[in-house]
Every structure is written in structure tokens, then in C-alpha cells.
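Below is one structure, written out as C-alpha cells, with a few remarks after it.
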Amino acid sequence: MPPPAHDTPSAMPDSTANDAPESLISCRNVIKRFDGRTVLDGVTFDVHAGETMVVMGGSGCGKSTLLRCMIGSHKIDSGVIELFGQNVCTLRPEEMDDVRKNFGILFQSGALFNSMSIAENVALPLQEHTDLDPSTIEIMVKIKLELVGLREHADKFPAQISGGMKKRAGLARALALDPRILFYDEPSAGLDPVTSAEIDRLIVGLTRKVGVTSVVVTHEMDSAFTIADRMVMLDKGRVLRVGSRDMFDELRRLPDDQAKDLPEEDRLIRQFLRGDAEGPITERKAATSYAEDLLRQPQTAKPIGPSIEATRGWGFRRRKETLP
């Protein structure tokens, strides 16, 4: 059985059809550095209208940084990020605020205001960004809470509900302004398997009922294969593969005797998808010599003792000088 066919950003466009669907998000050669370290290295892919795109990869691969760049929280060093056909990298703050009204964000923790009830949290975007009267806002809040199964808990405070309910409340607030795009940052993080499955079902249901486009950052593979239409795999800030869920699933299910002949990049992706203990990822981690790293002395290291003694002595002398 030959290895599964795939498309890569460098080899071919995200869709080969002439009648490609509308792209609500477009990332082109995105580069982001922190203190000279490259976190995103030429990231390129599109997110089509009405689909759920899962962004996956190991810890530290750049997933959350990419999400923050897409929502305008981080400025990129080079490249282009377009939302709704607008280059968010060049927008003025007030223009970016208008763009933000068209997308919602579900943060890892839910990011609810503890001093507000669940209903008040959901109502806040409507109060801040619309001219609707209170009675209309109240009706809309009930509709959003019903979508996530929390209407009966509207008067409770975040401290009174479970972690899964906080995620759902955060999702209701993200839906308040009827966004065209929803961004999810690790929606299953910290949840038990049953609650995680409920969140997955909710994401799929919202896509079908509301027609919202979703971008989900996760490293939970069970969740990813449940909700994704397409997937993008990151490794060390680079895009290794963009493709359909079925394409990644075919690679995940490839028998071991056939997988050993795959290119290293394919074996790396397969190891991540399967969660195998052995493969290119673990081999790469083991490549650094432990003994060499342990014995290496930092060039900028400074002795701690004299610095502490001098500081204490100075402070003691200063205290004595100020005594009457």
C-alpha cells in the first residue's frame, strides 16, 4: 500500500479546484520571532468558510502563538494574515476593533468575569458593541445559553459551576455577536473524557446549526479527529502538512510494516497522531548529549554568594545610617 497522498503549502495550493470555496482566513509566509527566536517560520494555509480547521502539533510548536497572531494580539514580523479579505497586519486599532466584532474566541480557561453571573458575562459584548435595548439583550442571552445548554444556570456565578460549564459559558459569550468565525484555544484542556466529548459535540453542532467557521488549536487527537474537516500540522513553527481529516486518518492507521518506509516527515506526523512512544520526535529529543549539557558552564553565569552578601551589607548599612 503506497503512502497517502498529501498536499503541502510549498508544493501546491490549499485547494486544487478552480471553484475553491471562499477563504475567510488566509495566512501567507507568516514569520513571528520573540527575542530573536523564530516561533512561526513561514506559515501558509487557508481556512474556508463553514469548515472546522484544526491546528495541531506538540507543545511549543507555535499553535497558540499562531492563534494570537490571527486575532491581532501579536504583530507578526513578516508575511500576511487576512481575515474577511482584510490584511489585519496593516489595520489601524479602530479598524481591527471592527474586524474583531466578526469573530469570537473561546479561551482555555473560559476567561469569565468572576464578579458577573453567567448571563451577565454573555450580555457584556451586546451591551458594549450594540444599541439593543435591555429586553432584547435578555432574549438574545437566553438564546445563546440555550445553544450551549446553560439557560437554566444563567444566574449562577463562575465559581458555582464546573470547568466544562465554564467552557460552555465562554462559548456562549463568544457567540453573543453572531460571529462568522470562532477561535478555540485548547477547548478540551483540563476536562474529563466525557465533558471533553460534550464540548466536541457542541463544536460540531454549532458549525451545522449556525454555519460558523471554526479554528481549533489542540493537541488532543481524539477531539481533533471528531471535529475537524481539515487539519494543519505544525512542527517547530513550520507547516508540515495541510489536508483533510481522512488524509491524516489514513496516515495514522497505516500499518507499522508500511510506515517504516515513509519519509521522516510522514513518520513524525504519524507518531504524533498515534501518540507512539518511539519515532522521529523522541529520537530528536534524545539527540542532545545529556552529559555535555550537564557539564557545560554558561558564559554569563555570575556567582550568587558575593552579590547577595554585598546587597545585604549595603541594605544593613543604609538602615543604620537612617536610624535616629
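Here, each number is a calculation from the coordinates, and none is a lab measurement. Computed from a predicted structure; not experimentally measured. Positions of Cβ are generated from backbone atoms using ideal geometry, with glycine treated the same way; all protein chains shown enter the neighbour counts.
Descriptive notes on the structure:
- Applying 1/(1 + (r/R0)^6) with r as the Cβ-Cβ distance of residue 283 and residue 261 and R0 = 22 angstrom yields a FRET efficiency of 0.85.
- Modelled spin labels at residue 222 and residue 178, positioned 7 Å past Cα toward Cβ, are 3.7 nm from each other.
- Sorting 257-263, 48-54 by average packing, meaning the other beta carbons within 10 Å per residue, from highest down gives 48-54, 257-263.
- Per-residue Cβ neighbour counts within 10 Å put 65, 90 in the sequence 90, 65, beginning with the fewest.
- Among the GluC sites (Glu not before Pro) in the range 178-262, none is located in a DSSP loop while being surrounded by at most 10 other Cβ atoms within 10 Å of its own Cβ.
- Ascending count of other beta-carbon atoms within 10 Å, so fewest first, for 103, 157: 157, 103
- Residues whose placed amide H lies under 5 Å from that of residue 234, excluding near-sequence neighbours: 56, 57, 240
- If R0 is taken as 35 Å, the Cβ-Cβ distance between residue 197 and residue 90 corresponds to a FRET efficiency of 0.30.
- Averaging the Cα positions of each part gives two centres, and for the range 82-137 and the range 229-244 these lie 28 Å apart.
- Listed cross-link partners 75/156; 32/101; 32/260; 75/142; 32/156 are compared with a 32 Å cut-off, the Cα-Cα value being larger for 75/156; 32/260; 75/142; 32/156.
- Long-range HN-HN contacts of residue 74 with modeled amide H, under 5 Å: 69
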